[in-house]
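The values are calculated or read from the model by the stated rules, or taken from the named source; none is laboratory data. On a predicted model such as this, the values are computed, not experimentally measured, just so you know. No Cβ is skipped: glycine too gets one built from the backbone with ideal geometry, and neighbour counts run over all protein chains shown.
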Amino acid sequence: MNSTELFNALYSGVKFTKVELSEFEKLVLVILIKQSSFKNSYESLLNLKAYLSLESLANLESEVLANFIKPSGNAKKKSVTLLNLCKNILDEFGDFEFFKSSASKEWLLQNKGVSIVSVDEIMSFVCGAEEMAVSTQALKITKFLNYEFESYFEAKEWFENIELDKLEYEFKSLNEFFCLYQALIYEFSNLHIKGSNLSQKGKEILSF
């Protein structure tokens, strides 16, 4: 199974309900979802509904923010990462709109607590770049398919090697495609992967 076939299998086999989020909410969710489920991360996001702007979040105290995002786990660490990132965006770009159009992967990587996976997710979901982030969940899926990669970038190359004419859905852009691919991976993992175990339904989907 190659990446194109994996996407088609996930697209056909995973029931996915799209949640409408603003770009800033997506930025926050990228940080919250690390080592967490979408359900718990989304609960944390809802707790922040009164502060979901760059300026409002940047002005929160770390302990207050950590209390809001407890459902997503690792609340203290994530609160520090979020506050640091928001303040750095304000200092470097002035506002969120300019950040979206001007941010680079190199700049994002300079922010403490922001991993290469988070960088690719931010570039994809927030900045509209044609990037595929290879999450831990994505690597678990490829391991079930007997693929092993020597580096993050090798795995990224595998996932981005798509035969567009063989996709079962027509996309407006590669960005739209990669965003959906990543979302399907998270949803599949949430439903069918527990630790290192794959459910029977998950096995059926991956043998599509």
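Numbers for the structure displayed
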read-out	value
Within the stretch 79-91, considering residues that are in contact (Cβ under 8 Å) with a residue 40 or more places away in the chain and touching a Gly at 6+ places or on another chain (Cβ under 8 Å), the one surrounded by the most Cβ atoms within 10 Å (Cβ to Cβ)	LEU85
In the stretch 154-185, the residues that are of a type in the set (Phe, Trp, Tyr) and modelled with pLDDT of 90 or more	TRP158, PHE159, PHE177, PHE178, TYR181
Whichever residue in the stretch 188-206 is without any contact (Cβ under 8 Å) to a residue 12 or more places away in the chain and small (Gly, Ala, Ser) and, among such residues, is nearest to PHE16 (Cα to Cα)	SER199
Qualifying residues in the stretch 150-208 (those that are among the β-branched types (Val, Ile, Thr) and assigned to a helix (DSSP H, G or I)) - the one nearest to GLU131 (Cα to Cα)	ILE185
Considering residues of the stretch 35-52 that are more than 25 Å from ILE193 (Cβ to Cβ) and surrounded by 14 or more Cβ atoms within 10 Å (Cβ to Cβ) only, the residue farthest from the chain's Cα centre (by Cα)	TYR51
Qualifying residue in the stretch 128-151 (condition: among the acidic types (Asp, Glu) and farther than 25 Å from SER41 by Cβ)	yes
